[in-house]
Amino acid sequence: MNWASILINIKLLIVICILPVSGIFTPAKAQQDPMYSQYMFNSLSINPAYAGTREMLSLMLLARQQWVGFDGAPSTGTFSAHSPIYNGMAAGASVIYDSYGPVKQTSFYIDYAYHLKMNETLKLSMGLKGGFNHYAVDYNSLDRTSNMDNAYASSVEQTMLPNFGFGLYLYSPKFYVGLSVPKLMENKYEDESDSYGEGKEVRHYYSMAGTVFKMNEWFVLKPSVMTRLAEGSPFSIDFNLNSIFYDKLWLGAMYRLDDSFGGIAQYQFTPQFKVGYAFDLNTNALSSYHSGTHEVMIHYEFNFKKEKILNPRYF
């Protein structure tokens, strides 16, 4: 494996992710779904076709505190579980709690995927996602010294928003490519007659790709890229490069276009148990108002089958 070959493959990953979403941008509102620095280990939250790809029961817990020190900054907690169930079928579930300012959102989704074997090493997974999002705005938490409409001065608005989505995930032990729209319905959560105007859930489009380069017996490079497009928001693309030492220690760097950069560290304590941490800083003017974003992940897997599962698994 030479460096020229690695660079060519990384460029291919970027092209694969950018092309599918480059032509669907239309004006609307703003992006709302949570962001993750360790998205490559939290793919189920955005792509239901990821369910079952680990070939065992996989549990993941992630906590993210964005823009530490910034009043009302986003805070996110995620729990997901997925597993193969029978004859190419897989199921999963995820719970996401996300808060920013007076807004609190709790989402619960069930995932179903079917894995079609293309050849000895390549599989195509097709997934469906369905569930609901509980959306609440606590106006009591706002600064009442400002000129706020009395109608909102002491109230909590809540609504339950059902939704569904789909995804595709092509993968092998060497690479993966995914496309998904986790929420197809653009539910309204504010009345058009509201003084604050109409509000709705905005549809998000995701693409992702990654590969591995085994440099020698103890060193592996794992580049990955993810694009994210929400109607009415700037195009977002994340670049990640992880270095894996002895299949135990993961050290990496990330860059989010025109937004932030940071680092990732993970340790594989056992073949089933991994802990990860990510830190990133903004590259825009917002960096002056906070001390960075922190993200902690715990990942555990149960192998109830007697047959041996491929280890290590990089995706």
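Structure values in brief
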| item | result |
| --- | --- |
| Strands (runs of 3 or more DSSP E) contained entirely in segment 179-287, each with at least 2 residues that are in contact with a Ser or Thr (Cβ under 7 Å, 6 or more places away or on another chain), closer than 30 Å to Phe302 by Cα and of a type in the set (Val, Ile, Thr) | none |
| Flag for Pro34 being modelled with pLDDT of 90 or more and either within 13 Å of the chain's Cα centre (by Cα) or surrounded by fewer than 16 Cβ atoms within 10 Å (Cβ to Cβ) (or both) | no |
| Within segment 114-131, considering residues that are among the hydrophobic types (A, V, I, L, M, F, W, C) and assigned to a strand (DSSP E or B), the one nearest to Thr159 (Cα to Cα) | Leu128 |
| In segment 253-270, the residues that are of a type outside the set (S, T, N, Q), surrounded by 18 or more Cβ atoms within 10 Å (Cβ to Cβ) and under 27 Å from Glu217 (Cα atoms) | Met254, Ile264 |
| Selection count, segment 162-189, where residues are hydroxyl-bearing (Ser, Thr, Tyr) and in contact with a Pro (Cβ under 6 Å, 6 or more places away or on another chain) | 0 |
| Leu229 vs. criteria aliphatic (A, V, I, L, M) and within 24 Å of Trp67 (Cα to Cα) | yes |
| Of residues in segment 222-252 being surrounded by fewer than 16 Cβ atoms within 10 Å (Cβ to Cβ) and among the aromatic types (Phe, Trp, Tyr), the one modelled with the lowest pLDDT | Phe235 |
| Residue that is modelled with the lowest pLDDT [pool: residues in segment 132-163 that are in a strand (DSSP E or B) and surrounded by 17 or more Cβ atoms within 10 Å (Cβ to Cβ)] | Val137 |
| Residue satisfying condition, being surrounded by 12 or more Cβ atoms within 10 Å (Cβ to Cβ), modelled with pLDDT under 90 and under 20 Å from Leu251 (Cβ atoms), within set Phe273, Phe315 | Phe315 |
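Yes/no matrix, rows are residues, columns are (1) in a strand (DSSP E or B); (2) in contact with a Pro (Cβ under 9 Å, 6 or more places away or on another chain):
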site	(1), (2)
Leu61	yes, no
Val68	no, no
Ala73	no, no
Thr76	yes, yes
Ser80	yes, no
Ser83	yes, no
Ala90	yes, yes
Ala93	yes, no
Ser107	yes, no
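The values are calculated or read from the model by the stated rules, or taken from the named source; none is laboratory data. The structure presented is a predicted model; accordingly, all values stated were derived computationally and were not measured. No Cβ is skipped: glycine too gets one built from the backbone with ideal geometry, and neighbour counts run over all protein chains shown.
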